Amino acid sequence: MSVQPTTLLLLVLAVFGLLVAEARQSERGLWLTKPLAAALYFVIALQAGAMNSTYGLAVLVALFLCWWGDVLLIPKDRPGVFRAGILAFLAGHLAFAVAFLIRGVSPGALVIALGLMAIPAVTVHHWLADKVPAELKPAVVAYIGVISVMFALAVATHAREPSLLIVAGAALFWLSDLFVARDRFVQSGFVNRLVGLPLYFGAQVLLALSVQG
């Protein structure tokens, strides 16, 4: 089974609708478009053959967890729900990390990547340290650590068996989360979603496509 162009087109349209809903601050529009857009990156993974390998199955688990994260981040001004969304994405990143380990990693590349990722991770932590509410700080710190490790593992699995889809997907995911953090904790505004959402859904599509044998 191959990825259908109509699925990709539907995803593009759903993300466009999501951006329109964000611009209009329409919660109904968000509920109509965001779960759909997130479900479509799951469908893309299935069409790409995710059921045919252990790596693909692990990616499906990661995408499913991210779907829940997307849904839980829809409500505004609900710290408890937002915390649950962070935890869902945290679990999603852990699942991606496991997927990359299953695919195989280069130990040497992993050590180097972890060392290099410590720099941006610490920088982001300092950027957010005095802006995150006390009750959310443990979750945010854990999230920064896990997504940084996930990206390092993406680099390490690429070093063992090249896959630009994985590296690019992990990089876009990391960057998109900066805009989520900026919107929630630094300066809220549509520009964060305008840039961050296409980065995020682009990342998920690339990671979904990486399951192709």
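All of the numbers you see were taken from the coordinates with simple rules; none came from a lab. Since the model is a prediction, treat every value here as computed from it, not as a measurement. Positions of Cβ are generated from backbone atoms using ideal geometry, with glycine treated the same way; all protein chains shown enter the neighbour counts.
What value, in deg cm²/dmol to 500, does the helix sum -39500 (n - 2.57) over DSSP H runs of n ≥ 4 give at 222 nm once divided by the residues of the chain? Numbers along the way, then the final one.
Details: 8 runs with 170 residues, N = 213.
Mean residue ellipticity, 222 nm, calculated: -27500 deg cm²/dmol.
Counting other C-beta atoms within 10 Å, which of Ile144, Ile119 has the fewest, and how do the rest follow? Don't jump to the answer; show the numbers that get you there.
Details: Ile144 20, Ile119 10.
With the fewest neighbours first, Ile144, Ile119 line up as Ile119, Ile144.
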Considering only Lys76, Lys137, Lys34, give the residue with the highest GNM mean-square fluctuation for the chain, with springs between Cα atoms whenever their separation is below 10 Å.
Lys76
Run the paramagnetic zone check for Ser26: 7 angstrom along Cα to Cβ, then residues of segment 59-101 with backbone nitrogen under 14 Å.
none
Quick one: Karplus J couplings for segment 70-85, per residue in order, coefficients 6.51, -1.76, 1.60, θ = phi - 60°, nearest Hz, x for Gly and Pro?
4, 5, 5, 8, 5, x, 9, 6, 10, x, x, 5, 4, 4, 5, x
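Charges at C-beta only: +1 for Lys and Arg, -1 for Asp and Glu. How large is the resulting dipole of the chain about its Cα centre, in Debye rounded to 20? Spell out each step's value before the answer.
Numbers: 13 positive and 9 negative charges, 36 e Å.
Computed about the Cα centre, the dipole is about 180 debye.
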Can you grab the distance from the C-alpha centre of segment 54-82 to the C-alpha centre of segment 112-127, Å, no decimals?
24
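Across every pair of different alpha-carbon atoms, what Kirkwood hydrodynamic radius in Å does segment 134-213 reach?
Details: mean 1/r = 0.0745 Å⁻¹.
That comes to 13.4 Å for segment 134-213.
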Can you tell me, using C-alpha contacts under 8 Å and at least 6 residues apart, the relative contact order of the chain as a whole percent?
23
Considering the zone a paramagnetic label at Leu101 would reach in this model (a point 7 Å from Cα along the Cα-to-Cβ line), which residues of segment 52-67 have amide N under 15 Å from it?
55, 58-59, 62
Candidate values (1) 99; (2) 121; (3) 164, label of the one derived for volume of the Cα convex hull per residue in Å³:
(1)
